[in-house]
Amino acid sequence: MSKEIKPYNSNKGKKEEVKEMFDNVSPKYDFLNRLLSARIDVLWRNKVVKIISAENPTKILDVATGTGDLAIALAKKIPNTQITGFDLSAGMLEHGKIKVKKNQLDNRIEMIQGDAENMPFDDNTFDIVTAGFGVRNFENLEKGLLEFQRVLKPGGKVVILEFSQPQGFPMKQLYHFYSFKILPFVGKLFSKDARAYTYLPESIKAFPYGEDMVSILNKLDFKQAKYQKLTFGIASIYECVK
């Protein structure tokens, strides 16, 4: 495993720092997310929704739900499912609850605050466990993934959307310049927490992606682990079965 990357590099644990960071950026999170990704994150989430909808799930857990983008997209596409959005940050969840109510989905999406590495759900509860851009922020990745496994029904599927790193020329060089120069500058302009947008590329660089992530899933006894690259490898979708 690579070295631990924390938002503020203080004496606090990563979990506490991540919670503080997302509470700080939550008022501008959706705006900056769309601006900095040129809305391509919407297309990536749509791919995740397509994969999950093919499973016809009735109960979905969306870990690191943030402001609820993925949970809302899933609810709109799969009308007969109940979705639990779960996140460490109260600030992100408050904005998510507003969006859920605005979309008249509060009868189908429940937003709960908590620690993904120690979730308050019974074993074998959910048909699908998903996470969009969240597992990278876990303090202990393997512990979090084992929690996914625990709350998932036998035969249920995990679908993870996470940033990765392009390798081919010139995308690798362009991506590095954008991530370490442009993104922190724009983030600093609009967010009261400039460090959040330097932590982002640092955490991506340190995260095990591609075959390394698949190896971790295999090590934890998930079945049929695989991944697909999105947009030249800027992001990846990981799938596996309990």
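The values are calculated or read from the model by the stated rules, or taken from the named source; none is laboratory data. Keep in mind that this is a model prediction, so the values were computed, not measured. Note that each Cβ is placed from the backbone with ideal geometry, even for glycine, and that neighbours are counted across all protein chains shown. All accessible areas refer to the heavy atoms of the entire protein, side chains included, with ligands and DNA or RNA removed. Shrake-Rupley method; radii C 1.70, N 1.55, O 1.52, S 1.80 Å.
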ask   = Yes or no: Glu239 surrounded by 14 or more Cβ atoms within 10 Å (Cβ to Cβ), touching a strand residue (DSSP E or B) at 6+ places or on another chain (Cβ under 8 Å) and among the charged types (D, E, K, R)?
value = yes
request  = Could you please give the count of residues in segment 118-131 that are in a strand (DSSP E or B) and either open to solvent by 20 Å² or more (accessible area, probe 1.4 Å) or out of contact with any strand residue (DSSP E or B) (no Cβ under 6 Å at 6 or more places or on another chain) (or both)?
outcome  = 1
task = Only residues that are among the charged types (D, E, K, R) and either within 15 Å of the chain's Cα centre (by Cα) or in a loop (DSSP other than H, G, I, E, B) (or both): list them for segment 14-33, please.
result = Lys15, Lys19, Asp30
